[in-house]
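These notes are about the structure you will find just below.
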Amino acid sequence: MEIDHAELSTEQVLTRDIPWETYMTTKLISGTSLQLLRRYDNRPESYRAQLLDDDGPAYVRLFVSILRDIFKEETVEYVLALIDEMLTANPKRARLFHDPSLASEDAYEPFLRLLWKRNWFVQEKSCKILALIVSARKTTHDGSSANGDVSNSKMKITTIDDVLDGLVKWLCAQLKNPSHPSRAVLTSINCLSTLLKEPKVRSSFVQADGVKLLIPLISPASTQQSTQLLYETCLCVWLLSYYEPAIEFLATSRTLPRLIDVVKSSTKEKVVRVVILTLRNLLHKGTFGAQMVGLGLPQIVQSLKSQAWSDEDLLEALSQLEEGLKDNIKKLSSFDKYKQEVLLGHLDWSPMHKDVNFWRENITSFEENDLKILRVLITILDSSSDPRALAVACFDLSQFIQHHPAGRVIVTDLKAKERVMKLMNHENAEVTKYALLCIQRLFLGAKYASFLQA
């Protein structure tokens, strides 16, 4: 693809002089078309607006016929630029493409074909124009066109469903292999964030395996452009969170941790809002609730609630999410709850810590994921400044040493002894008490230390 075509702007293209008379001489356009063009071309915006108000469908028919019959690249770009300019000035003009007088024109076909031209200007404008045309149609509640698609015995007319399928296919192709290094992904996500309101597009997008193409784009943004891309990607995920087959895919991918990373690090209200609304939608689906608790979302929601947001929907969604997560925590097993406490560093004297049965029943669970929970428990000794958390961590380590057959060896290998020793000089009496207990367990072994049980 030539880069000069990729970097063209509508304004640059519209400075061209197109030889319309020559096209008429060679019968590529009619005399009537030439008259319409002379009246419209190179005229001020206000004058063109009047022509479109008076005779809009005739101009749409003219532009579509040129794109259908003339293949010279400069002319194709020019007509796309005219349509782009006309729709940018007033997006409602996209309704002109649905005028009954154009029913037999096959007005969508040229744009669908041009999507696949190896010319970024042509691709981008065709995509933008098609998306506006689709959004401007009158639809019934199920998303089909209100007036139906006109069938014509002589030729196959491109239907709205053909357009939606063609757009999804092209958008997925762009996300996989962008035609333009910086603009293709931005354009595609922007277009999808509008089109995924359509039930038909959601189903085509999921069938085309498009959901997985969004996931790498869900990551904290640093620049204004990347923030907009992130926002529109999250908007796509939010729209998909209303569609069951998409939810199944989101559940088996890395979507949830990525959304939580974004909401943790984003300061943009619109990004936080769309992610929180998505999480609220997913909360009661499958195992999402338990996963959210496991990823520490309850604490993140608490922290977000303490910030000064102006958006009522966001505040309401945060409250609903908080309540829903509390319900999920109640349903967790005792070891799941314990993991929650440790992973979030919020250790307290909840009943399980001093419950001998808890330790007996769950001691082998500590071996999961290469002793992850035990390792986190030991890092709390270094990282926490909360005396209660430090005391509970020391006590829990002493319980692990007592109840696990290899407890002393494992805790010693993980270099916990040095950390606990430091805490024996802590200013808080509770911390020093349980640090001492832990050290005695380490040195004496389970059999001799049982009389030290606190």
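Things to note:
- Normalising the Debye intensity of the range 335-450 to I(0), with uniform scatterers on Cα atoms only, and taking log10 at q = 0.13, 0.18, 0.19 Å⁻¹ returns -0.42, -0.85, -0.96.
- Neighbour cut-off at most 16 other Cβ (10 Å), DSSP loop, chymotrypsin sites (Phe, Trp or Tyr not before Pro), the range 49-135: F71, W116
- Taking the three principal axes of the alpha carbon atoms in the chain, the coordinate ranges are 107, 40, 38 Å, sorted in descending order.
- Computed FRET value (nearest 0.05) for K197 with W116, which takes r as the C-beta separation and R₀ as 25 Å: 0.50
- Positive-end extreme of charge dipole, the chain - chosen from Y434, L192, L34 (charges on Cβ): Y434
- 1.4 Å probe accessible area per residue over the range 335-450, in Å²: 49 Å²
- Reachable lysines, given that their alpha-carbon falls under 28 Å from the alpha-carbon of K156 and they are not under 8 places away in the same chain: K27, K72, K92, K117, K125, K128, K138, K169, K197, K200
- Förster radius 51 Å - calculated FRET efficiency between E316 and S104, Cβ distance, rounded to 0.05: 0.55
- Here the calculated FRET efficiency for E244 and D327, from their Cβ-Cβ distance with R0 = 22 Å, stands at 0.55, rounded to the nearest 0.05.
- Trypsin sites (Lys or Arg not before Pro) restricted to DSSP loop in the range 1-109 with at most 10 other C-beta within 10 Å: K27
- Span-like helix ranges in the chain, DSSP H, alpha carbon extent 27 angstrom or more, Kyte mean at least -1.0: 45-69, 312-331
- Residues S104, S126, sorted by accessible area with the largest first, give S104, S126 [1.4 Å probe; ligands and nucleic acids excluded].
- With contacts taken as Cα pairs under 8 Å at a separation of at least 6 residues, the range 299-406 carries a relative contact order of 24 percent.
- Length released on extending from K92 to Q307, taking residue separation times 0.36 nm less the Cα-Cα span: 73.5 nm
- Relative contact order of the chain, pairs being alpha-carbon contacts under 8 Å that are 6 or more residues apart, as %: 8 percent
- Accessible area in square angstrom per residue, the range 197-332, 1.4 angstrom probe: 47 Å²
- Pairs from K270/K305; K330/K354; K326/K433 whose Cα-Cα separation, in the structure shown, is over 22 Å: K326/K433
- Lys, Arg +1 and Asp, Glu -1 on Cβ, resulting dipole of the chain about Cα centre, debye, nearest 20: 1080 debye
- Within the chain, helix-based [θ] at 222 nm, where runs of 4 or more DSSP H residues each add -39,500 (n - 2.57), nearest 500: -20500 deg cm²/dmol
- Over the range 3-76, Cα pairs under 8 Å with separation of 6+ residues give a relative contact order of 26 percent.
- Per-atom-type breakdown for the chain gives carbon and sulfur 51% of the accessible area (1.4 Å probe, protein chains only).
The values are calculated or read from the model by the stated rules, or taken from the named source; none is laboratory data. Quick caveat: nothing in here was measured; it's all calculated off a predicted structure. Quick reminder, even Gly has a Cβ in these numbers, built from the backbone with ideal geometry, and neighbours come from all protein chains shown. To get the accessible areas, we keep the full protein, side chains included, count just its heavy atoms, and leave off ligands, DNA and RNA. Shrake-Rupley method; radii C 1.70, N 1.55, O 1.52, S 1.80 Å.
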